[in-house]
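S.K.: What follows is a structure written as structure tokens; I'll ask about it next.
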Amino acid sequence: MEMDFACMPKDTLYVLATVYGYMCYPNPKDIDKRDCFIAQYIIKNYHEFLESVPIDYARKALNFYDEKLGLRNANNAEVLLHIKEGCLAGAMYITLLEMKAGGGQQPSVNKAKFLTYEIYSKRAISEHGVKIEVTDAEKVGRAWNRYKWVAPMWASTLLIADGVLSLTNVKDNPSLFFGLINCLNSKSKDLNLKFECWKFPNGHDFPKIELETVGLSALNREKLSKYDYKNRY
């Protein structure tokens, strides 16, 4: 599936706002909430958009969605939930890539759910330096179902936090973030997923990022050996 940039120029900051919108509201049914989020982001960061963004467009869009959905004031708790559950989906995606890279494991969503729970239920800080809390196994499944379409985007966020790309460089040049998303998205075809992730439409010239995925660690292979087919969330 291609993200919709039809009403937006190819300016990097516009793209960033749109990517964040899809990361928080990836479900195709959530287009109104997503567009409202994008408009909110632009208004809140208008000083960064002054050179390239028609702020009147954003204000009109925000007013429209406010009247339609009553979403003018972003719910910080809801945004925090997007981050927590989105990071879980991203961690699952990385696990699937590690399964594939290891050669000994066929990528399996159910096994990835099991292993993600085993890893993150035992500690508050993830392997990637981001706080991920998992209080029950079903939460992993819910997170995947909600954010699977943008799992490569959340996985990119975790890898940046893990130092795969310099955070300073990414802040100065967000197109590096987009390049990493493209890189991880391109690997999805090898994972036998039964859905299509959101991707950038043709015409965006982002840096090409090459990333070699390593297999599961010995500790995680041991955890996965305890997987039972009945452990399906």
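The values are calculated or read from the model by the stated rules, or taken from the named source; none is laboratory data. Everything quoted here is computed from the prediction, not taken from an experiment. Cβ coordinates were reconstructed from backbone atoms using ideal geometry, including for glycine residues, and neighbour counts include every protein chain displayed. We work out accessible area using only protein heavy atoms, side chains counted, and drop any ligands, DNA or RNA first. Shrake-Rupley method; radii C 1.70, N 1.55, O 1.52, S 1.80 Å.
S.K.: Quick test for you: out of 196, 222, 212, pick the one residue that is open to solvent by 50 Å² or more (accessible area, probe 1.4 Å) and at pLDDT 85 or above.
M.R.: Exactly one of 196, 222, 212 is open to solvent by 50 Å² or more (accessible area, probe 1.4 Å) and at pLDDT 85 or above, namely 196.
S.K.: Continuing with this model, one more query. If you take the residues of region 12-33 that are without any contact (Cβ under 8 Å) to a residue 60 or more places away in the chain and open to solvent by less than 10 Å² (accessible area, probe 1.4 Å), which of them is nearest to residue 145 (Cα to Cα)?
M.R.: Result: 21.
S.K.: Restricting to region 174-193, give me the number of residues that are free of Cβ contacts under 8 Å to residues at least 60 places away in the same chain, polar (S, T, N, Q) and either loosely packed, with under 15 Cβ neighbours inside 10 Å or assigned to a loop (DSSP other than H, G, I, E, B) (or both).
M.R.: 1
S.K.: Mind checking which pairs have a first residue in region 143-167 that is surrounded by 17 or more Cβ atoms within 10 Å (Cβ to Cβ) and a second that is among the acidic types (Asp, Glu) and at pLDDT 85 or above, Cβ under 8 Å, 6 or more apart or different chains?
M.R.: 143/85; 146/85; 147/85; 149/196
S.K.: Please go through region 133-178 and give me each residue that is at pLDDT below 90 and polar (S, T, N, Q), ordered by number.
M.R.: Result: 135, 157, 166, 168, 169, 173, 175.
S.K.: Related question: So which residues in region 31-45 are part of a loop (DSSP other than H, G, I, E, B) and within 19 Å of the chain's Cα centre (by Cα)?
M.R.: Result: no residue meets the conditions.
S.K.: Here's another thing I want to ask about it. Residue under question is residue 171, and the condition is that it be open to solvent by 70 Å² or more (accessible area, probe 1.4 Å) and either in contact with a Lys or Arg (Cβ under 8 Å, 6 or more places away or on another chain) or not in a helix (DSSP H, G or I) (or both); does it hold?
M.R.: So residue 171 fails the test.
S.K.: Can you say whether residue 84 is modelled with pLDDT under 85 and either of a type in the set (Lys, Arg) or part of a helix (DSSP H, G or I) (or both), as far as the supplied structure shows?
M.R.: Yes, satisfied.
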